[in-house]
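Report on the structure given below.
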Amino acid sequence: MTTAPTTDRRPIALDFPRLLTGSGPGYDEHLRTLGPLPDHRGLIEEVERSGLTGRGGAGFPTARKLSAMTPRGVVIANGSEGEPLSAKDEWLLRQRPHLVIDGMLATARATDAKQLHLVVGPASEAAARQAVGERRDARGIEVTVTQERFVSGEASAVVHLLTSGDALPTDHTVRLTTRGLRRKPTLVQNVETLAHIGVIARFGAAAFRSVGHPADPGTRLFSITGDVQHPGVTEAEGGTPLRSVIGVASPRSVAGVLVGGYHGTWVGREALERPLALPTMPGAIPAGAGILMVIGEGTCGVRTTAEIAEYLAAESAGQCGPCVNGLPALAELVARLAHGDRNHGLVGEVERMLTLVDGRGACHHPDGTARIVRSAMRTFAADIEAHRHGHCLAAR
Amino acid sequence: MSESLHIDWTRCRGRGVCVELMAGLRRDEWGYPVVVGGGSDLPIAPGEREAAEDAVALCPLLALSFRPSSAA
Ligand SMILES: Cc1cc2nc3c(=O)[nH]c(=O)nc-3n(C[C@H](O)[C@H](O)[C@H](O)COP(=O)(O)O)c2cc1C
Ligand code: SF4
Ligand code: SF4
């Protein structure tokens, strides 16, 4: 049985190990298990056939981004993991760094990129530097540590970090693959996406697709937190029902699950049989960056959302007026819902504020904040109604 | 190709003339322009091109620019 320990999280058993099977953290062990990285011809076509999509949250087809690159560009591995509920990228960087490096090298070769950057959170710095130092073919990889801020992992913020030292999103009207770091074509890819490329470069698209669902092939890493007995990182096939993914973390009871993290979607108990996958799969709950936060019957979803909204408002990078003004106003309204404000117009006021912040920022932070609040209004409608009448359904 | 007027929110400080120049913009409670259809890009209606050019030229913070409507 393979286990996936993360810092200060207890290990949990794996249903389906692939990225998580024994190939690291040391380079010797990696080579012993997987052999050297082949000099893969036609990697972009192979990635295309694999159906791999980005694991940083947006689920964009990876091959399309690779094909958009022109020669002499930049490959950036995004291990920023600004989302506090996420643990998978740190786990990968500390336990399987050589799979990520394999993915970076194979991608750089396939796109004829000349510069390689590995951006990591402070907790993964030592592991990342050690891994890069262990192999000759990784000498061109520059490791940069990002700031711990929710939005620091947004693609333009990662590029900005490398030019200015500050991980702040910028307004970009053209794609980064067209004009990115110092105006060069730039590919920003989540570290898990790159680890999957490392697997595809070795074993091919068919092997990648041999598990998962045709509409969501391969595996995904999930970070499971909240009211569970064994929080941690697990790996599951694309299209696995929510119930079996959270099952490995042993939740005591389930009142709701936040899927996709602080920018994600709340679902209720009735969604437990739905598959976690790309939004294009019928009936799926969008897996996003694989974050699952479980709340048990004693936890109020509205209160939890109010706390998250307050956190997200404070994490605005302070650059865009509608985000700076709108997110605190929205958080304040959600707090009133949580604390049993009986004002009849409150729900309507929340809805008005949601439309006022949605899509009005240089990055998707306002949109993501609107998404979680909107899903809370839907999923916890009965709780909101109870609050208005002075009760809380979660209180025992 | 159809074009949009793009607002760079990192530059915009609100309370500008753009809202008076473009029919598709109004002002929110903090003074920032609101695109009537939502988002950060106002599709430029036929006959509004000149007004849009004025808005771009008159924005003191260079927060407005033209971009093709299809771009993400
Ligand atoms: C506010 C915000 C924060 C983000 N944080 C991260 C992050 O920490 N790590 C990450 O890989 N992607 C993050 N993303 C997504 C990136 O912008 C980008 O889509 C991703 O790194 C692309 O890689 P992928 O295609 O492999 O997923 C964030 C996006 C937003 C809007
Ligand atoms: S939308 Fe908010 S978080 Fe994003 S760049 Fe603007 S101020 Fe920063
Ligand atoms: S004129 Fe420029 S700075 Fe002023 S509100 Fe309009 S876009 Fe913003």
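Bear in mind that the values in this text are calculations on the coordinates, not laboratory data. Because the structure is predicted, anything quoted here is derived from the model rather than measured. A quick note on method: Cβ atoms are made from the backbone with ideal geometry, for glycine too, and the neighbour counts reach across all protein chains shown.
If you wrap a convex hull around the alpha carbons of segment A:27-208, what volume per residue comes out, as a whole number of Å³? Don't jump to the answer; show the numbers that get you there.
Values: hull volume 19.1 nm³, N = 182.
Once divided by residue count, the hull of segment A:27-208 is 105 Å³.
In the calculated pair distance distribution of segment A:305-348, what percentage of Cα-Cα distances lie above 13 Å?
Details: 481 of 946 pairs.
The calculated P(r) of segment A:305-348 puts 51 percent of pairs beyond 13 Å.
Using just the C-alpha positions of segment A:127-266 as equal point scatterers, what log10 of I(q)/I(0) does the Debye formula give at each q in 0.10, 0.22 1/Å?
Debye curve over Cα of segment A:127-266, log10 I(q)/I(0) at q = 0.10, 0.22 Å⁻¹: -0.51, -1.28.
In what order do A:LYS114, A:LYS65, A:LYS88, A:LYS184 fall by count of nearby beta-carbon atoms within 10 Å, going from fewest to most?
The most exposed by this proxy come first: A:LYS114, A:LYS184, A:LYS65, A:LYS88.
Whole number please: convex hull volume per residue, Cα atoms of chain A, in Å³. Display every interim value, and only then the final one.
On the way: hull volume 48.9 nm³, N = 396.
Convex hull of Cα atoms, per residue: 124 Å³.
Give the residue list of GluC sites (Glu not before Pro) in chain B that are DSSP loop and have at most 16 other beta-carbon atoms within 10 angstrom.
Hits after loop and neighbour filter: B:GLU29.
How do A:HIS230, A:HIS30 rank when sorted from fewest to most other Cβ atoms within 10 Å of their own Cβ?
Arranged by neighbour count, lowest to highest, A:HIS230, A:HIS30 become A:HIS230, A:HIS30.
Taking each residue in A:319-326, count the Cβ atoms of any other chain within 10 Å of its Cβ, then average. What number comes out?
Counting Cβ atoms of other protein chains within 10 Å of each residue's Cβ and averaging gives 6.
Long-range amide H contacts for B:ARG27: which residues qualify at under 5 Å (H placed 1.01 Å from N, peptide plane, sequence gap of 5 or more or a different chain)?
Sorted by chain and number, the residues that satisfy this are B:VAL34.
With runs of 4+ DSSP H residues as the only contributors, calculate the mean residue ellipticity of chain A at 222 nm using -39,500 (n - 2.57) per run, divided by the residue total and rounded to the nearest 500.
Helices in chain A give a 222 nm mean residue ellipticity of -12000 deg cm²/dmol.
7 Å from Cα along Cα→Cβ at both A:ASP166 and A:ASP341: what's the point-to-point distance in nm?
Computed distance between label sites A:ASP166 and A:ASP341 equals 3.3 nm.
By the 4.7 Å beta carbon criterion, which cysteine residues of chain A come out unpaired?
A:CYS300, A:CYS363, A:CYS392, each lacking another Cys Cβ under 4.7 Å.
Taking Cα atoms of segment A:243-353, Rg/Rh with Kirkwood Rh, to two decimals?
With Rh from the inverse mean 1/r over Cα pairs, Rg/Rh is 1.01.
When you look at the Cβ of every residue in B:3-16, what mean number of other chain Cβ atoms sits within 10 Å?
Per-residue shielding by partner chains comes out at 4.
Could you list A:THR144, A:THR240 in order of exposure, starting from the residue whose Cβ has the fewest other Cβ atoms within 10 Å?
Ranked by crowding around the Cβ, least crowded first: A:THR144, A:THR240.
So what's the net charge close to A:ALA167: Lys and Arg +1, Asp and Glu -1, counting the other residues with Cβ under 11 Å from its Cβ?
Counting the neighbours of A:ALA167, the net charge comes to -2.
Quick one: length gained pulling A:LEU31 to A:ARG352 fully straight, 0.36 nm per residue minus the C-alpha distance?
Taking A:LEU31 through A:ARG352 to full extension adds about 110.0 nm, to one decimal.
Under 37 °C and 0.692 mPa s, how fast does segment B:23-72 diffuse according to Stokes-Einstein, given a Kirkwood radius computed over C-alpha pairs? Answer in µm²/s, whole number. Before the final figure, lay out each step's value.
Working: Rh = 11.8 Å.
After rounding, the answer is 277 µm²/s.
Please list log₁₀ I(q)/I(0) at q = 0.10, 0.11 Å⁻¹ for segment A:300-396, using the Debye equation with identical point scatterers on the alpha-carbon positions.
One equal scatterer on each Cα of segment A:300-396 leads to -0.24, -0.29.
Magnitude of the Cβ-charge dipole of chain A, K/R +1 and D/E -1, about the Cα centre, nearest 20 debye?
Charge dipole, chain A, about its Cα centre: 720 debye, nearest 20.
Counting C-alpha atoms alone, how compact is segment A:217-259: give Rg to one decimal and Dmax as a whole number, in angstrom.
10.1, 30
In the Gaussian network model of chain B, springs joining C-alpha atoms below 10 Å, which of B:PRO43, B:PRO60, B:PRO33 carries the largest mean-square fluctuation?
B:PRO60
Under 10 Å, Cα contacts only: if you run a Gaussian network model on chain A, which one of A:THR299, A:THR355, A:THR193 comes out with the highest mean-square fluctuation?
Comparing A:THR299, A:THR355, A:THR193 in a Gaussian network model of chain A, the most mobile one is A:THR355.
Which trypsin sites (Lys or Arg not before Pro) in segment A:235-292 pass both tests, a DSSP loop state and at most 12 other beta-carbon atoms within 10 Å? Write down the numbers at each step before the final one.
Numbers: sites: A:ARG243, A:ARG252, A:ARG269; in loops: A:ARG252.
The qualifying sites are A:ARG252.
Convert each backbone phi in segment A:42-49 into a coupling constant with the Karplus relation 6.51 cos²θ - 1.76 cosθ + 1.60 (shift: θ = phi - 60°), then list the ³J(HN,Hα) values in order as whole Hz, x for Gly and Pro.
So the Karplus estimates, Gly and Pro as x, are x, 4, 4, 5, 5, 5, 4, 5 Hz.
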